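Data first, discussion second: the structure below is written as structure tokens.
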Amino acid sequence: MTSLEEVRRRVEMDAESRGYKLNPDSYFLNDLLEGLRTNEERYGYPSCPCRYATGIFDLDKDIICPCDYRDIDVEEFGACYCGLFVSKEVYEGKKKLQPVPERRPSKLIERALSGRTTKEPAHEVKKEERVMEAIDGMKFWYCKQCGYVAFREEPPYICPICKAKREAFAEIYLSVFAKG
Amino acid sequence: MKIQKVPGNNKKHKVFVYALSTCAWCKKTKQFLKDKDVEYEYVDVDLLSKEDLEKVKAEITSRGVPLQFPLIIIDDKVMITGFREDQINGALA
Ligand code: SF4
């Protein structure tokens with residue numbers, strides 16, 4: 001069982017490494033840490049406490065804390081969707097913490113709430129097809145500024161390494177040859 | 001479906017909250033209503049059975065609002081997504 005202190009330490013370390021602060025309201029912060037711990041116990045990973053999760057990794061992977069939307073939300077609103085990670089201005093009370101609009105695409109939310117994965121039921125496929133199916137909408141993206149490579153449906157909002165904006169990402173085209 | 005009722009002396013409006021048990025903004029919303037002594041009902045959507053979840057999902061989408069929490073419904077017509085204090089206060093006035 002993960003303890004609340006472990007969750008707190010993990011989140012603190014993450015905030016520090018990115019130059020963020022944690023929510024200064026200790027009750028609010030505790031509720032969020034509890035939520036993360038509950039979700040980790042329930043699903044096996046700390047999915048976002050303020051979003052509906054399915055327990056199916058493929059449907060939840062964009063909302064595992066820190067979620068894909070955090071960096072851009074802290075930059076734009078001074079806080080992530082939950083208000084766990086905040087900017088220095090919000091932390092110091094120079095900017096008021098407001099509810100942050102949901103950035104997660106509604107098609108992902110609906111997909112999660114209906115519990116559907118995009119995978120088709122297994123059937124006989126040629127090897128080549130199987131390779132394509134495994135990729136399932138996923139693409140390689142590289143950051144033109146620092147070379148960081150991500151494998152996901154959409155490019156990251158901000159490069160986690162050099163903080164370049166989404167526009168700096170370009171798709172890498174790969175051809176896969178399957179033998180046999 | 002497990003709908004929780006929180007008693008209060010202010011019964012002027014019918015208040016219903018769709019929430020997640022893990023969500024801090026939802027908790028804040030519940031506490032806010034409690035502090036104002038507003039009677040309300042809520043359901044924690046993350047604790048529902050699959051069947052009930054389907055019902056809730058259909059209900060929320062049929063109202064044309066996003067599937068986000070907390071969702072506060074006042075008198076069956078005012079719908080507020082998120083803990084927007086001013087909006088909630090306005091609708092409860
Ligand atoms: S919104 Fe904040 S708390 Fe929620 S998953 Fe993203 S970073 Fe974590």
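Using protein chains only and a probe of 1.4 angstrom, how many square angstrom of residue B:49 are accessible, to the nearest 10?
Residue B:49 has an accessible surface of roughly 60 Å² with all protein chains in place.
For the protein assembly as shown, with the dipole built from +1 on Lys and Arg beta-carbon atoms and -1 on Asp and Glu ones, taken about the Cα centre, which of A:86, B:13, A:45 lies farthest toward the positive end?
Of A:86, B:13, A:45, it is B:13.
Antiparallel DSSP bridges in the protein assembly as shown: what percent, to the nearest 5?
Antiparallel: roughly 85 percent of the beta bridges in the protein assembly as shown.
Rule-of-thumb check for the range A:4-123: C-alpha Rg over 2.2 N^0.38 Å?
For the range A:4-123, the normalised Cα radius of gyration comes out at 1.11.
Expressed as cubic angstrom per residue, what is the convex hull volume of the alpha carbon set of the range B:17-93?
For the range B:17-93, the hull spanned by Cα atoms encloses 84 Å³ per residue.
Zone of residue B:34 (label point 7 Å along Cα→Cβ, backbone N under 12 Å): which residues in the range A:32-74?
none
Determine the gain in length on full extension of the stretch residue A:138-residue A:153; use 0.36 nm per residue of separation and subtract their C-alpha separation, reporting nm with one decimal.
This chain segment gains 5.0 nm when fully extended.
Please determine, in degrees from 0 to 90 and to the nearest 10, the orientation of helix B:50-62 with respect to the longest principal axis defined by the Cα atoms of chain B, where the helix direction is its Cα long axis.
Rounded to the nearest ten degrees, it is 60.
Less than 18 Å apart at the alpha-carbon level, and either on another chain or at least 8 residues along: which lysines does that give for residue B:14?
In chain and number order, the partners are B:2, B:5, B:30, B:34, B:36, B:77.
Let me check against my output: what whole-number percent is the relative contact order of chain B, with C-alpha pairs under 8 Å and at least 6 apart?
About 34 percent, as a whole number.
Averaged over B:27-35, how many beta carbons belonging to a partner chain fall within 10 Å of each residue's beta carbon?
2
If the reach is capped at under 24 angstrom between alpha carbons, list the lysines near residue A:107, excluding any in the same chain fewer than eight residues apart.
Reachable lysines: A:61, A:119, A:139, A:165, B:50, B:55, B:57.
Calculate the spin-label point distance for residue B:10 paired with residue A:95, positioning each point 7 Å from the Cα along the beta-carbon direction, and give it in nanometres.
3.1 nm
Report, to the nearest whole %, how much of the accessible area of the range A:137-180 belongs to carbon and sulfur atoms, 1.4 Å probe, protein only.
Roughly 56 percent, rounded to a whole number.
So which residues of the range A:50-88 lose at least 40 Å² of accessible area, probe 1.4 Å, when you go from the chain by itself to every protein chain present?
Hits at the 40 Å² cut-off: A:50, A:52, A:81.
When Cβ neighbours within 10 Å are restricted to other protein chains, what is their mean count per residue of peptide A:28-35?
Taking the mean over all residues of the peptide, I get 4.
Among DSSP beta bridges lying fully in the range B:4-92, give the percent that are antiparallel, nearest 5.
Once the DSSP bridges in the range B:4-92 are tallied, antiparallel ones form about 70 percent.
Could you tell me the relative contact order of the range B:35-85? Use alpha-carbon pairs under 8 Å, at least six residues apart, and round to a whole percent.
20 percent
Ignoring any ligand, DNA or RNA, what whole percent of the accessible area of the range A:4-123 comes from carbon and sulfur when the probe is 1.4 angstrom?
Summing carbon and sulfur atoms, their accessible area is 50 percent of the total for the range A:4-123.
Just read off the accessible area of residue B:84 with the full protein assembly in place, 1.4 Å probe, to the nearest 10 Å².
Near enough 80 Å² of accessible area.
Using a 1.4 Å probe on the protein heavy atoms, what percent of the accessible area of the range B:4-92 belongs to carbon and sulfur?
The value for the range B:4-92 is 47 percent carbon and sulfur by accessible area.
Rg and Dmax of the protein assembly as shown over Cα atoms: what are they, in angstrom?
Using the Cα atoms of the protein assembly as shown, the pair Rg, Dmax is 20.7, 74 Å.
To the nearest 100 Å², how much accessible surface do chains A and B hide from each other in total, with a 1.4 Å probe?
1900 Å²
On average, how much accessible surface per residue is there in the protein assembly as shown, in Å², for a 1.4 Å probe, leaving out ligands, DNA and RNA?
56 Å²
The values are calculated or read from the model by the stated rules, or taken from the named source; none is laboratory data. Bear in mind that the values here come from a model prediction, so they are computed numbers and not experimental data. All Cβ positions, glycine included, derive from the backbone under ideal geometry; neighbour counts span all protein chains shown. Note: areas computed on protein heavy atoms with side chains; ligands, DNA, RNA excluded. Shrake-Rupley method; radii C 1.70, N 1.55, O 1.52, S 1.80 Å.
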